[in-house]
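Reviewing the structure listed below.
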Protein chains: 2
Amino acid sequence: MSLIAVGTMAFDAIETPFGKVNQIVGGSATYVAYAASNFVQPIQQVSIVGFDFPQEEMDSLTKRGVQLDGVVVVPDKKSFFWSGRYHMDMNSRDTLVTDLNVLADFDPVLPESYRDAEFVMLGNLHPIIQKKVIEQMKVRPKLIAMDTMNFWMESAMPELEEVLKMVDVLMINDSEARQLSGQFSLVKAAKTIMNMGPKYLIIKKGEHGALLFHEDKVFFAPALPLEDVFDPTGAGDTFAGGFMGHIARTKDISFENMKTAIIVGSAMASYCVEKFGPERLKEITAEDIHTRIEQFVNLVNFDIELV
Amino acid sequence: MSLIAVGTMAFDAIETPFGKVNQIVGGSATYVAYAASNFVQPIQQVSIVGFDFPQEEMDSLTKRGVQLDGVVVVPDKKSFFWSGRYHMDMNSRDTLVTDLNVLADFDPVLPESYRDAEFVMLGNLHPIIQKKVIEQMKVRPKLIAMDTMNFWMESAMPELEEVLKMVDVLMINDSEARQLSGQFSLVKAAKTIMNMGPKYLIIKKGEHGALLFHEDKVFFAPALPLEDVFDPTGAGDTFAGGFMGHIARTKDISFENMKTAIIVGSAMASYCVEKFGPERLKEITAEDIHTRIEQFVNLVNFDIELV
């Protein structure tokens with residue numbers, strides 16, 4: 001019941017209205033691993049880092065059941081670096097710097113021990129890379145989920161269309177869903193996108209929650225209203241990690257169970273934003289997670305007594 | 001178990017990306033009455049109109065159990081007129097024209113038969129008018145809810161602060177909550193605003209749903225994801241009407257029942273936006289309302305099985 005997490009492991013420099021860090025560990029696969037490892041182990045990590053990626057971070061992941069056989073360490077190059085600044089509403093951000101560094105050479109080869117994993121989470125990467133990973137699997141995994149972004153829609157749409165046909169779940173944000181579909185209405189966007197391949201579509205709306213679409217069904221999970229969103233970096237990947245962690249743990253890929261998985265993902269994301277980088281994710285316990293999921297139950301639970 | 005609805009009855013000219021109407025009946029009290037009368041009768045309407053307000057509209061309201069004793073008809077003036085244009089996202093709009101007309105003289109006197117109503121909905125009006133209505137009640141109603149807007153925060157803040165101390169429920173949108181409290185975080189904004197008087201605060205977020213705050217509790221109701229939002233005019237007042245209609249019908253002002261009331265209000269608002277003005281609200285049946293409330297149940301309902 002292992003889960004493959006493909007994505008970046010990186011350094012971020014982040015500026016929010018609440019503070020600033022010049023170098024903190026980040027990257028999509030890092031967040032996925034920290035979130036998912038609460039629910040399922042091993043996590044089979046696929047990534048690339050430079051000589052500067054901290055050994056203590058590797059050790060911290062290993063201790064959580066994250067296998068690093070699929071993580072290439074390039075001895076003479078730096079790790080991927082991203083720098084961004086958030087505005088007051090925290091839903092918009094400016095990218096200040098993107099230094100690809102090792103990422104320019106990323107051509108993942110799955111270790112033999114990964115190739116029969118049942119669950120795969122493809123972080124936001126060039127669709128050609130995402131496709132290559134899928135093609136290395138010995139048997140079709142039970143569930144393949146992927147993230148992507150507007151950049152690939154603009155620069156690699158044919159390749160993106162190809163990989164979309166190969167996955168089960170697409171997770172994107174609302175503006176990406178609108179761009180990918182050419183539809184403003186998210187309901188119409190969902191229909192268009194599901195015709196492109198994925199049977200399940202998750203549209204992430206940041207502080208406004210997330211929608212899960214499947215056939216003619218829709219489920220909505222709110223974001224937890226928080227006093228402060230300290231740093232939203234990685235919240236989407238943490239959501240993905242919680243989602244796939246729950247699915248891999250339960251091995252149940254029904255729509256009903258995906259609803260629960262979205263709540264689990266939302267709970268994990270609500271912790272992620274409380275501190276810079278993945279710091280908060282490293283601290284929380286199983287009990288913390290239970291407590292927060294209970295808060296979600298209370299947040300949306302109501303009795304209905306019809307007229 | 002009557003419900004007083006105080007507010008405007010007006011004409012609107014509306015332009016949306018989907019169409020345009022030059023003159024359609026609108027006004028906060030109109031929408032509240034059309035929504036609430038599905039759940040409770042009589043609705044005791046308090047408003048002012050000009051010579052031009054259509055008799056057929058009055059008849060349509062009367063047939064739904066809306067009492068018009070409190071609606072002043074001014075024979076030599078025109079009804080309040082508002083004109084606005086919506087943008088693609090439908091969450092923002094430009095006001096093009098505001099002709100107060102009869103509204104400039106609005107000084108409501110409650111008919112004797114209204115003065116022992118148990119439930120009062122104060123639409124968005126000058127806070128002095130809202131206060132005058134409350135002062136005319138013989139006994140303190142079980143629940144007084146009010147709407148307001150940024151205009152009064154800027155032009156009549158002391159009067160607004162006074163009336164806030166007299167009501168139980170305040171319903172405003174997210175930007176108004178931020179302006180009223182001086183807090184960006186809605187959780188913090190809610191705490192500040194509840195310290196100003198209202199024990200319950202509903203923050204409306206349009207297509208992103210609504211939050212109910214009370215003491216340290218919070219409840220979230222999504223908006224129904226719709227293929228098309230045709231015209232959002234009146235959605236907030238329709239929400240208020242559904243909310244207060246449910247409360248007045250059940251006579252239960254507990255937090256638990258307010259959750260249900262918010263779902264009812266959201267269901268009514270989701271119908272309102274399907275056509276221009278209150279047109280859709282005039283068509284729907286009790287069965288339609290049940291069906292839509294069931295959709296809300298399915299939209300947010302999930303099973304949780306903890307780790």
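The values are calculated or read from the model by the stated rules, or taken from the named source; none is laboratory data. Not measured: the values here are computed from a predicted model. FYI the Cβ positions are ideal-geometry reconstructions off the backbone, even for glycines, and counts take in every protein chain you see.
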**OP:** Give me the pairs, please: first residue somewhere in segment A:82-101 and within 14 Å of another protein chain (Cβ to nearest Cβ), second residue anywhere and of a type in the set (K, R), beta-carbon distance under 8 Å, and either six or more positions apart or on two chains.
**Re:** A:Y86/A:R93; A:H87/A:R93
**OP:** Quick one: in segment B:176-188, of everything that is among the hydrophobic types (A, V, I, L, M, F, W, C) and surrounded by fewer than 20 Cβ atoms within 10 Å (Cβ to Cβ), which residue is farthest from A:N91 (Cα to Cα)?
**Re:** B:V187
**OP:** Could you tell me which residue of segment A:293-307 is nearest to the chain's Cα centre (by Cα), considering only residues that are facing chain B (nearest Cβ under 7 Å) and outside any loop (DSSP other than H, G, I, E, B)?
**Re:** A:I293
**OP:** Working carefully through the options A:F243, A:F239, A:F230, find the one that is under 30 Å from A:V21 (Cβ atoms), part of a loop (DSSP other than H, G, I, E, B) and more than 8 Å from chain B (Cβ to nearest Cβ).
**Re:** A:F230
Original post:
Does segment B:264-292 hold any residues that are in a helix (DSSP H, G or I), within 14 Å of chain A (Cβ to nearest Cβ) and surrounded by 22 or more Cβ atoms within 10 Å (Cβ to Cβ), and which are they?
Top reply: B:V264, B:G265, B:S266, B:A267, B:M268, B:S270
**OP:** Could you check, for segment B:102-119, whether at least one of its residues is polar (S, T, N, Q), more than 14 Å from chain A (Cβ to nearest Cβ) and within 16 Å of the chain's Cα centre (by Cα)?
**Re:** no
Original post:
Hey, any hits in segment B:252-259 for a residue that's assigned to a helix (DSSP H, G or I), modelled with pLDDT of 95 or more, surrounded by 16 or more Cβ atoms within 10 Å (Cβ to Cβ) and within 9 Å of chain A (Cβ to nearest Cβ)?
Top reply: yes
Original post:
Just one of A:S79, A:S28 is closer than 20 Å to A:G245 by Cα, buried (at least 23 other Cβ atoms within 10 Å of the Cβ), away from chain B (no Cβ under 14 Å) and of a type in the set (S, T, Y); which is it?
Top reply: A:S28
Original post:
Are any of the residues in segment B:112-126 touching a Phe, Trp or Tyr at 6+ places or on another chain (Cβ under 9 Å) and either surrounded by fewer than 13 Cβ atoms within 10 Å (Cβ to Cβ) or closer than 30 Å to A:F184 by Cβ (or both)?
Top reply: yes
Original post:
Looking at segment A:191-207, which of its residues are surrounded by fewer than 23 Cβ atoms within 10 Å (Cβ to Cβ) and free of Cβ contacts under 8 Å to residues at least 60 places away in the same chain?
Top reply: A:K191, A:T192, A:I193, A:M194, A:N195, A:M196, A:G197, A:K199, A:Y200, A:K205
Subject >> When residues of segment A:189-210 are limited to those that are among the hydrophobic types (A, V, I, L, M, F, W, C) and in contact with a Leu (Cβ under 8 Å, 6 or more places away or on another chain), the one nearest to A:S92 (Cα to Cα) >> reply: A:I203
Original post:
Restricting attention to segment B:131-164, and to residues there that are under 14 Å from the mean Cα position of the chain (by Cα) and more than 18 Å from B:P42 (Cα to Cα), which single residue is surrounded by the fewest Cβ atoms within 10 Å (Cβ to Cβ)?
Top reply: B:M149
**OP:** Scan segment A:33-43 for residues that are surrounded by fewer than 24 Cβ atoms within 10 Å (Cβ to Cβ) and more than 14 Å from chain B (Cβ to nearest Cβ) and jot them down.
**Re:** A:P42
Original post:
Which of the residues belonging to segment B:28-56 are touching a residue at least 40 places away in the same chain (Cβ under 8 Å) and of a type in the set (D, E, K, R)?
Top reply: B:D52
Subject >> Checking A:V25 against (1) touching a residue at least 24 places away in the same chain (Cβ under 8 Å); (2) under 20 Å from the mean Cα position of the chain (by Cα); (3) outside any strand (DSSP E or B), the condition it does not meet >> reply: (3)
Original post:
What residue, of A:L61, A:L68, A:L103, is farther than 23 Å from A:K275 by Cα, part of a helix (DSSP H, G or I) and of a type outside the set (K, R)?
Top reply: A:L103
Subject >> Selected residue (only one of B:A240, B:A223, B:A248, B:A210 is under 15 Å from B:C272 (Cβ atoms), touching a residue at least 60 places away in the same chain (Cβ under 8 Å) and of a type in the set (A, V, I, L, M)) >> reply: B:A240
Original post:
Does B:A177 satisfy the condition of being free of Cβ contacts under 8 Å to residues at least 24 places away in the same chain and in a helix (DSSP H, G or I)?
Top reply: no
**OP:** Considering each residue of segment A:169-220, count those that are facing another protein chain (nearest Cβ under 8 Å) and at positive phi, and give that number.
**Re:** 1
Subject >> Scan of segment A:13-22 for residues that are surrounded by fewer than 24 Cβ atoms within 10 Å (Cβ to Cβ) and either part of a strand (DSSP E or B) or at pLDDT 95 or above (or both), ordered by number >> reply: A:A13, A:E15, A:T16, A:G19, A:K20, A:V21, A:N22
**OP:** Any chance you could count how many residues in segment A:223-251 are among the acidic types (D, E), surrounded by 23 or more Cβ atoms within 10 Å (Cβ to Cβ) and over 26 Å from A:K142 (Cβ atoms)?
**Re:** 1
**OP:** Among what's in segment A:106-155 and is in contact with a helix residue (DSSP H, G or I) (Cβ under 8 Å, 6 or more places away or on another chain) and assigned to a helix (DSSP H, G or I), pick the residue that is modelled with the lowest pLDDT.
**Re:** A:N150
